[in-house]
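The values are calculated or read from the model by the stated rules, or taken from the named source; none is laboratory data. Quick caveat, the model's predicted, so the values are computed rather than measured. In this analysis, Cβ positions are derived from the backbone assuming ideal geometry, glycine residues included, and neighbour counts consider all displayed protein chains.
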Amino acid sequence: MNCGNDILPDDKDELKKIISLLQFDRINLESKYSLLQSEITKLTKENKSLKEKLKSALAKFFSPKKEKASFDQSEQLSLFDEAETFAEKESEEAEEETCSSDETIVKSYSRKKGGKRRIPDFIPAEEKVYELSEEEKACKCCGKTRPVIGEDRTEELDIIPAQFKKIVHIVKKYGPCCCDGFLNSEEPEVIRAKKPERFLPYSIASAGLAAYCIDYKYNYAMPYYRLSKKFEAVEMDISRATLCNWTMIAAEKCRVLYDMMLEKIRSSEVINMDETRVQVLKEDGKTAESLSYMWVMKAGKENKKLTVFHYDSSRSSKVPEKLLEGFNGYLQTDGYEGYAKAVEKYNLIHAGCMAHVRRKFYDAHKANGSSKTAKKAILFISRIYSIENKLRKKKFTNEEFVKKRRDEMIPVLNEFKLWLDDTIKTILPSSLPGVAINYALKQWDRVVRFLDHHDMTPDNNIVENAIRPFAVGRKNWLFSNTPRGAESSAIMYSLVESAKNNNLIVYNYLRYLFTKLPQAKSPEDIEALLPSNLTGDDIKI
């Protein structure tokens, strides 16, 4: 029996209507299938993008922080050598191609001499001589003393823990003379000897102790509660609150020098600038959990740079507007748009940071090690750094350096830009390589600006490196209690980092500064205390 014949009608019009309805249903199903396919494709791309982001996020926690990469023999990226070695490897391969196939190039290297390190001669020496007794030196046969034929010397390094010394200032007072003429001389009856002004009057802290405490906190990142415990070990009761008060008073006394450092930076041709977070607990109008910011500026000649930290509760564009007032030159920053208003207002030349461009491609590489796009971009950037490092090592004048760098760098940059323009057309914008390329193209005009001035490098790392000691300290002391404390920290970090910029021993400089500053009466006297105006010989103790 044919069931179909029983179900289908015999009328042709009815059959046509059924066929038409089935065709309409098929078209609907095909349309829904097409929509589902496009949705699956979209979700697949989103899934891939999310996986890349997850890998990148995990890499930030569990992979090395430093941006390193190289190729192994399978031409895959690994995370163990500097990106700049790509260009070195390329140059080595080029050299190998020019040699005969029978020759092998072995890269030379130097090795430090092994063995025990010698203690420097400037360390005070105490000699301990060990001799035999007269009886032991006597000859067993004739009784004469045996002659000395030599000696063996060994050295060991000893240390004396920090010692306190009480300095008692005694000011002599002199009374009236008993002669007849003194009564009618109108001279004061009592005169006193002059005592030098102290940096922290009415406290027990000398210039040396204040320098020691500030050096330990801002140079070695030791919180004051630990330093207070250290003092307890030598039976000195100096509380954390006392140390904080000394620092805030010291910072206020150094503010005139700090303001002078800021003006000196504004008079430079190039300023590197960045900002980092800081937490201040007791700040009007803000909760304890909210973030404030430490802004950092660095400028000056190659070996005479100054670094200035500035605390502000905001990250708005008004802060760089205030800090850069009076400056007219090159401003090098990262990609944060908060600097744009100051650049426009003061007609500055805004330079970008190649390291941030590279960081985006490293994130893409960490998320997907097989990404040819990330690999290609890192190779381009490596060639740029290779040229920069090579030229920096040579003794060029400023004008020669700028010309040589432009001649060698511009072809590489043009090739890189052309590749970026071509690649962005074929890559998914939401993928990590796509995000990296979009960022590079957006920042391109700023990124290549470093070619114009000899003091600028491809990146803004010089100021990021200045922030690192602050970031290390922040991990230890976590927060500032009040805005006054944060401002004091800004001034002290400025003095400490500027001293390091100029190869000064921080403790020696602070001690010298705290001793001389009370006697400085004119702007010229204060300017002479700037770290960039001093050498290590000036501040020897």
Residue check, Lys500 charged (D, E, K, R) and at pLDDT 90 or above: yes
Entirely in segment 196-300, the helices (runs of 4 or more DSSP H) that have 2 or more residues that are among the aromatic types (Phe, Trp, Tyr): 207-218, 224-232
Members of segment 382-439 that are assigned to a helix (DSSP H, G or I), closer than 23 Å to Glu52 by Cα, of a type in the set (A, V, I, L, M, F, W, C) and in contact with a Lys or Arg (Cβ under 9 Å, 6 or more places away or on another chain): Trp419, Leu432, Val435, Ala436, Ile437
Which listed residue is polar (S, T, N, Q), surrounded by 15 or more Cβ atoms within 10 Å (Cβ to Cβ), within 24 Å of Met456 (Cβ to Cβ) and touching a residue at least 24 places away in the same chain (Cβ under 8 Å), from Ser382, Ser431: Ser382
Failed criterion for Leu291 (all others in (1) without any contact (Cβ under 8 Å) to a residue 40 or more places away in the chain; (2) out of contact with any strand residue (DSSP E or B) (no Cβ under 6 Å at 6 or more places or on another chain) hold): (2)
Filter pass, Asp215 being crowded, with 18+ Cβ neighbours inside 10 Å, of a type in the set (D, E, K, R) and either over 24 Å from Ser494 (Cβ atoms) or in contact with a Phe, Trp or Tyr (Cβ under 8 Å, 6 or more places away or on another chain) (or both): yes
Helices (runs of 4 or more DSSP H) within segment 479-541 that include 3 or more residues polar (S, T, N, Q), under 27 Å from the mean Cα position of the chain (by Cα) and buried (at least 21 other Cβ atoms within 10 Å of the Cβ): 483-501
One residue from Ala471, Ala466 being buried (at least 20 other Cβ atoms within 10 Å of the Cβ) and either in contact with a strand residue (DSSP E or B) (Cβ under 9 Å, 6 or more places away or on another chain) or outside any loop (DSSP other than H, G, I, E, B) (or both): Ala466
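Of everything in segment 440-463, what is assigned to a helix (DSSP H, G or I) and of a type in the set (S, T, N, Q)? Give them in sequence order.
The answer is Gln443, Asn461.
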